[in-house]
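The structure under discussion appears below in the form of structure tokens.
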Amino acid sequence: MLALVFVFSASAIAVTNHGTKSEAEAMVKEAVSFLKMNGKNAALAEFGNPTGKFVKKDLYIFVYDMKGKVLAHGQNPSSVGKVMMNAKDSNGKEYVKERIEIAKTKGHGWQDYKYINPVSKNMERKTAYIVKVDDMIIGCGAYK
């Protein structure tokens, strides 16, 4: 019986640390509003703050320019300034190139790829919602 309680407790903890697809989309929309109200410099600083308002559970905001350079990353501040145009996930998918293509052709949308989950530390399937704002791509992804 104690083992069963532990399993349910561990499942509840995992669920509370796991963001949803709708939460990821809402966070992107909140980030776009924050950008418009506070300006680019203040927004990028907040988006890149690992303890800021745009990091919740395993959700975080990331921002790229249209050439694949990381402008802000809520879970990996050391990536800021790096050009990730040729980055590939564990299946060889060039997810940054795909992100830029979605931004150029549709202005916003969803993409699927694999990325390391900051909570579990495992490579997991992820779906990210992205929006093009001026010369930037703002996104947030939920792990599946």
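Each value in this text was obtained by applying a stated rule to the coordinates, not by laboratory testing. In this text, all values refer to a predicted model and were calculated from it rather than measured experimentally. All Cβ positions, even for glycine, are placed from backbone atoms using ideal geometry, and neighbour counts span all protein chains on display.
The set of residues in segment 107-144 being over 18 Å from Gly68 (Cβ atoms), among the β-branched types (Val, Ile, Thr) and in a strand (DSSP E or B) consists of Ile116, Thr127. When the residues of segment 76-106 are narrowed to those that are assigned to a helix (DSSP H, G or I) and among the basic types (Lys, Arg), which ends up nearest to the chain's Cα centre (by Cα)? Among them, the one singled out is Arg99.
For Met66, the stated conditions do not hold, so it cannot be described as surrounded by fewer than 20 Cβ atoms within 10 Å (Cβ to Cβ) and free of Cβ contacts under 8 Å to residues at least 24 places away in the same chain.
Of all residue pairs spaced 6 or more apart or on separate chains, those with beta-carbon atoms under 7 Å, a first member in segment 45-56 that is on the phi < 0 side of the Ramachandran plot and buried (at least 16 other Cβ atoms within 10 Å of the Cβ) and a second member that is in a loop (DSSP other than H, G, I, E, B) and of a type in the set (Val, Ile, Thr) are Gly48/Val80. In segment 95-144, the residue that is surrounded by the most Cβ atoms within 10 Å (Cβ to Cβ) out of those that are β-branched (Val, Ile, Thr) and free of Cβ contacts under 8 Å to residues at least 24 places away in the same chain is Ile116.
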